[in-house]
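See below for the structure under consideration.
The values are calculated or read from the model by the stated rules, or taken from the named source; none is laboratory data. Computed from a predicted structure; not experimentally measured. Neighbour counts run over all protein chains shown; Cβ positions are idealised from the backbone, glycine included.
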Amino acid sequence: MEKLQSVEQFETLKNEERTIFMFSADWCGDCKFIEPFLPRLEADYPEYTFIEVDRDQFIDLCGDLNIFGIPSFIAYHSGEEAGRFVSKDRKTLEEIEEFINGL
C-alpha cells in the first residue's frame with residue numbers, strides 16, 4: 001500500500017475517482033493486526049486506490065478529518081467523501097469488506 005507523502009498529495013488523491021485512505025501508526029497493535037490482509041483488499045478492490053496515512057506524521061490532517069482512533073478508513077469518490085469507517089476498535093477483514101461494499 002502506498003504511503004501518503006504530503007497534504008498536497010492527499011488533496012490530489014481524494015479528487016481521483018475512487019480512493020480509500022487508511023489511517024494508522026507504527027505503534028498501533030490493531031493496525032498491525034490488519035496488515036496481513038491489506039494486499040488482499042487491494043487485489044479484491046482494484047477500482048480503488050488505497051493510501052496509508054501515518055497518523056503521527058499527519059496529526060493535523062487527522063484532526064481536521066476527526067480521525068481520533070486508528071485504524072480508520074475514509075473513502076472518497078471524485079473529491080466527495082463517500083464513507084468512513086472510523087473508530088478506535090480493531091477491525092476484521094470482513095468488517096472492512098462490508099464497509100467497502102457499502103460505498
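Details
- Given (1) over 12 Å from the mean Cα position of the chain (by Cα); (2) surrounded by 19 or more Cβ atoms within 10 Å (Cβ to Cβ); (3) at pLDDT below 95, number of the condition PHE37 does not satisfy: (2)
For (1) exposed (fewer than 15 other Cβ atoms within 10 Å of the Cβ); (2) in contact with a Phe, Trp or Tyr (Cβ under 9 Å, 6 or more places away or on another chain); (3) of a type outside the set (S, T, N, Q); (4) within 11 Å of PHE23 (Cβ to Cβ), each residue gets a yes or a no:
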position	(1), (2), (3), (4)
ALA43	yes, no, yes, no
ASP56	yes, yes, yes, yes
GLY63	yes, no, yes, no
ILE70	no, yes, yes, yes
GLU80	yes, no, yes, no
ASP89	yes, no, yes, no
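- Being part of a loop (DSSP other than H, G, I, E, B), farther than 22 Å from LYS88 by Cα and of a type in the set (D, E, K, R) is a property that does not hold for GLU8.
- Looking only at residues of the stretch 17-32 that are out of contact with any Lys or Arg (no Cβ under 6 Å at 6 or more places or on another chain) and surrounded by 14 or more Cβ atoms within 10 Å (Cβ to Cβ), we find that the one that is nearest to LYS91 (Cα to Cα) is CYS31.
- Among the conditions (1) at positive phi; (2) touching a Phe, Trp or Tyr at 6+ places or on another chain (Cβ under 9 Å), LEU38 misses just one, which is (1).
- Condition check for ARG18: closer than 16 Å to PHE85 by Cα and charged (D, E, K, R): yes
- Residue tally, condition assigned to a helix (DSSP H, G or I) and closer than 16 Å to TYR48 by Cβ, over the stretch 86-103: 7
- Single match in PHE68, PHE21 (criterion: part of a strand (DSSP E or B), of a type in the set (Phe, Trp, Tyr) and out of contact with any Asp or Glu (no Cβ under 7 Å at 6 or more places or on another chain)): PHE21
- Qualifying positions in the stretch 24-58 - closer than 16 Å to SER87 by Cα and aliphatic (A, V, I, L, M): ALA25, ILE34, VAL53
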